[in-house]
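The values are calculated or read from the model by the stated rules, or taken from the named source; none is laboratory data. If you're wondering where the values come from, they're calculated on a predicted model, not measured in any experiment. As a convention, Cβ positions derive from the backbone with ideal geometry for all residues, glycine included, and neighbour counts pool all protein chains shown. Surface areas here come from the heavy atoms of the whole protein model, side chains and all, with no ligands, DNA or RNA. Shrake-Rupley method; radii C 1.70, N 1.55, O 1.52, S 1.80 Å.
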Amino acid sequence: MSEHVQHGGNILALRQANPDKIFYDFSANINPLGAPPWLRRIVSRELENIQHYPDANCTEFIEQVSHRHSLNPWQIIAGNGSSEFLSFMPRVFSWKRWLFHTPSYLEYTRAGRLAGLATMAIPTAESDTFRPDFNLLSDILRPGDALILGRPNNPDGQLVAAADIVALAAAHPHSDFLIDEAFLEFSGADSLAGYADNIITLHSMTKFYAIPGLRLGYAVMTAEKAEALREHLPPWSVNHLAQAVGAKALADQDYQEKSRAACRDLRQIFHDRLAEIPGLKIYPSVANYLLCHLPERQSGTALAEALRRQGILIRRCDTYQGLDDRFIRLAVRPLNEQDIFFKEIEHILPLKSINKKNKSKKHTPAIMLQGTASNAGKSVLTAAFCRIFLQDGFAVAPFKAQNMSLNSFVTKDGGEMGRAQVMQAQAARLDPDVRMNPILLKPSSDTGSQIIVEGQPLSNMTVNQYDEYKQIGWSRVIACYDSLSATQQIMVLEGAGSPGEVNLKANDIVNMRMAAYAEAPVLLVGDIDRGGVYASFVGHLEVMEEWERRLVAGFIVNRFRGQASLLAAAHEYVHAHTGKDVLGVVPFLPRLGLPEEDSVSFKAGLFNRPAPLDEHVTIAVINLPHISNFTDIEPFLAEPDAHIVICDRPEAAKNADAVIVPGTKNTLADMRFLRESGFSDLIGELARRGVETVGVCGGYQMLGENIIDPLGLESLDGETPGLALIAVSTELMRVKNLRRQKGIHIASGLPVSGYEIHHGVTRATGTNEAAQEPVVRFDDGSVCGARHTHLPVWGSYLHGIFDQDEFRRWFIDHLRQKKGLAAVGRVLAPYGLEAAFDRLADTARQAIDMQKIYKLLGV
């Protein structure tokens, strides 16, 4: 390979030779922000047009350049990178000498030499930080000369003043001045395009827009010179994709501003951290790279080789005229890559104590599971990873930045969090901690939710209000993550919904933004049982920005029914399309015995199972529109003599032995649903017929005479009548009751425990106090709930009351006896999660390539 093309590390060749090694490229001066977020979208849209020849005139692209510089389009030429112009111009124009200062871009020397021009290298002084001496240049210049200057210059990043160049050009009207502005956009300085007839500017699109593989640039000169150059350039040198991307890039001011700001901040941080190396001299730069002079007895060649072995590429500068082997050039890279650079270089060069304000925070090893859709199974797989890592001897904790769920739990210290993270904490054998789920959204209507932050209710917000709050919410999220992760050896993060939901990405705090903060490789989980899983894998990566794609480490196919080897061809297709592997095929696991992720499974009818063939009782559960904490019902699912029927219509509950009205996030709205659907009449009729009728939390409130919401916490209705089956009335209060409780179920004398989560205060109405009694007496002497003394109707605020095996068996036996069946008298199906967690972990361990997972974690 010719030496002239080796301007930096050939990272693609290195990756091909070392497929299992990760390389960090500090040798190529590419925008540290990465390519624009729309890049893949434009390429995908325009791909169908590559079957045609590209526009030889680059019309759309040149129109954008013309608009940007306020120039006549005939003054602009598009090319296959600015290097194409360097190759042709010395051969086309009648220049006598080719002048350039040193050190500078190596192609300057080569371009003049290959054109057969007399070349002159004009050295600059290190003592003057390699700034050109314009008085010296003026003395040297003759008519017919061409002088090329980098602005800013490569490799030192110096930006010569525009006024100096314009004055020099004016003083030498018979010489031409080629101003290479390849890195000018990083500085924010104005271009010299079109300033004078003898000023030619060269512009590279590849550095600033991070598209060096597309090859695109343009040059600005007089219309006469442009026409002469066009005659010599090869036709169609700019492909269609490059033209389309270039036109879009020039119009994207938001990306341009963000890139300049990011580069400025990252460059300053990098400079300050490099300054901690004793004896290292760093030259001032306005570009996205820094020229450095190594301490005495240090070699750039040796340093480059030592870092290359560790996967870090730098640019040694001994090939630049005027520089020796102690000079290196370092591209400005993101903070996480800077951390890796300094971690490796401290083994080679001595460091002072690093300034901690410039050093990004050390993160606990982490992995993140995101889904192709809600209910793809990522919550259960997060629990599986928690249990696997626990079994392997690691301290591990789950984390989900934001959860939307009506299924919540109260921690020991009275904080409210999502039940999914509680289940994951149990898999890790940790006490549930609100830091595991900093933000919980509990929908109260189609457009609003109650916002729970670090376990406490903040307020009810609309979607727009919550979007405005998210920046504050993000600071709370990362504070919780930092605090929790500091106590663990591995973190297992869960995303929400799908990272491919383009309508939500701008304000994301739970998916890719969280993965980037935690430096967590992402496993994308897809539910093959729904169909379309492989298209979903490919489609998700197609709508991701490039930085998001880099975070995706692989895919997991979930809920597969069949022989995994039959999927090999599909996995090869996905790898060929995305470059990423399927790391596991997890089988469908029916009746796993773990709480479901959310009410999605409940609403989908997954709780509806065939009635047992043997003697059993039927328990009807009303499918409320705003059902919450439906997991109160889950302990019954494993009972062999209990048949749960989820009722969408009153007819489904007519033959039930018991009716449960579950919890709700909007009691008034769901009470209206009971009336309008006919459930209210049926529930009253069944209760009077002797059918056991139970209300939990919001269901308990609906059994009463009325519900009042004077503050509009759940509804603007203000007040609604209840089912009037027990003589109580509920008023919703601003303060939310959040507490764990233990006590005795009075009627059975059996211990029960659980938690309360409610705004309501429920009191006896006095209309029929003698006809009711409390349901539970807690250990502190307080009581909860109300039970009709004549009708089999009762309710309480205690979530989890059926989790206790003995009480649940008593309740089922009570129903059996009312039906004329004999009581069983012993626990048949203990509701314990430990065995289920171990079964889940064993299945996941066999199905997923855990060796690769541990490699991703770096532990």
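Under the 0.36 nm per residue contour assumption, what length would be gained going from the current alpha-carbon distance of residue 231 and residue 783 to full extension?
This chain segment gains 189.3 nm when fully extended.
Residues with amide H under 5 Å of residue 205's amide H, sequence separation 5 or more or different chain, H placed in the peptide plane at 1.01 Å from N; which?
82, 216, 217, 218
Starting from the coordinates of the alpha-carbon atoms of region 123-192, obtain the Kirkwood hydrodynamic radius over all distinct pairs and give the value in Å to one decimal.
It is 12.6 Å.
Name the trypsin sites (Lys or Arg not before Pro) in region 92-154 that are in a loop by DSSP and that have at most 13 other C-beta atoms within 10 Å, would you?
Of the trypsin sites (Lys or Arg not before Pro), the ones in loops of region 92-154 whose Cβ has at most 13 other Cβ atoms within 10 Å are 96.
Just to confirm a number: summing +1 for Lys and Arg and -1 for Asp and Glu over residues other than residue 640 whose beta-carbon lies under 11 angstrom from that of residue 640, what do you get?
After counting each charged neighbour, the total is -4.
When ligands, DNA and RNA are left out and all protein chains stay put, how many square angstrom of accessible area per residue does region 655-743 have with a 1.4 Å probe?
Here the per-residue accessible area is 36 Å².
Among the listed pairs 207/343; 442/852; 21/470; 412/470; 400/855; 248/400, which have their C-alpha atoms separated by more than 32 angstrom in this model?
Check vs 32 Å cut-off fails for 442/852; 21/470; 248/400.
Can you tell me the 0 to 90 degree angle between the C-alpha axis of helix 667-677 and the longest principal axis of the chain, rounded to 10?
Around 70 degrees separate the two axes.
If I compute solvent accessible area with a 1.4 Å probe over the protein chains, what percent of it on region 430-523 is carbon and sulfur?
Of the solvent-accessible surface of region 430-523, carbon and sulfur hold 51 percent.
If you stretched the chain out fully between residue 254 and residue 197, how much longer would it get, using 0.36 nm times the residue separation minus the C-alpha to C-alpha distance?
17.3 nm
Please report the net charge: other residues with Cβ closer than 15 Å to the Cβ of residue 528, K and R +1, D and E -1.
With Lys, Arg at +1 and Asp, Glu at -1, the net is +2.
Hey, any idea what % of region 41-199's accessible area is carbon plus sulfur with a 1.4 Å probe?
48 percent
Quick one: angle between helix 240-251 and the longest Cα principal axis of the chain, in degrees between 0 and 90, rounded to 10, please.
Computed tilt is about 80 degrees.
At 0.36 nm per residue, and after removing the present C-alpha to C-alpha distance, how many nm does the segment from residue 822 to residue 296 gain when stretched out fully?
180.1 nm
Suppose R0 equals 25 Å. What FRET efficiency, 1/(1 + (r/R0)^6) with r the Cβ-Cβ distance, do residue 685 and residue 592 give to the nearest 0.05?
0.10
For residue 672 paired with residue 164, estimate the spin-label separation in nm (one decimal), with each label point 7 Å from Cα along the Cα-to-Cβ line.
Rounded to a tenth, the inter-label distance reads 7.4 nm.
In region 498-566, which trypsin sites (Lys or Arg not before Pro) are in a loop and have at most 13 other Cβ atoms within 10 Å, using DSSP for the loop call?
Those that pass, being in a loop and sparsely packed, are 561.
Which residues in region 377-398 have a backbone N closer than 16 Å to a point placed 7 Å from the Cα of residue 489 along the Cα-to-Cβ line?
Within reach of a label on residue 489: 385-398.
Which whole number of Å³ per residue matches the convex hull of the alpha-carbon atoms in region 1-121?
204 Å³
Given a 1.4 Å probe, how much area per residue of region 107-221 is accessible, in Å²?
Ligands and nucleic acids excluded, the result is 35 Å² per residue.
Run the quick spin-label model on residue 581 and residue 122: label points 7 Å from Cα toward the beta carbon, then report their separation in nm to one decimal.
Placing both labels 7 Å beyond Cα along the Cβ direction yields 5.7 nm.
What is the spin-label model distance, in nm, from residue 11 to residue 63 if the labels are put 7 Å beyond Cα along the C-beta direction?
3.4 nm
Relative contact order (percent) for region 151-292, with alpha-carbon contacts under 8 angstrom and 6 or more residues of separation?
Relative contact order for region 151-292 comes out at 28 percent.
Given the C-alpha atoms of region 750-836, compute the convex hull and give its volume per residue in Å³.
It comes to 133 Å³ per residue, whole-number rounded.
Which trypsin sites (Lys or Arg not before Pro) does region 792-829 hold that lie in a coil by DSSP with at most 15 other beta carbons within 10 Å?
Here the sparse-neighbourhood loop sites are 819, 826.
Can you figure out the FRET efficiency of residue 275 with residue 324, using R₀ = 22 Å and their beta-carbon distance, to the nearest 0.05?
FRET efficiency, residue 275 to residue 324: 0.55.
Cα atoms only, the chain: Rg and Dmax in Å?
In Å, with Rg to one decimal and Dmax whole: 34.8, 115.
Using the heavy atoms of the protein chains alone and a 1.4 angstrom probe, what is the accessible area of region 765-822 per residue in square angstrom?
Per residue, region 765-822 has an accessible area of 42 Å².
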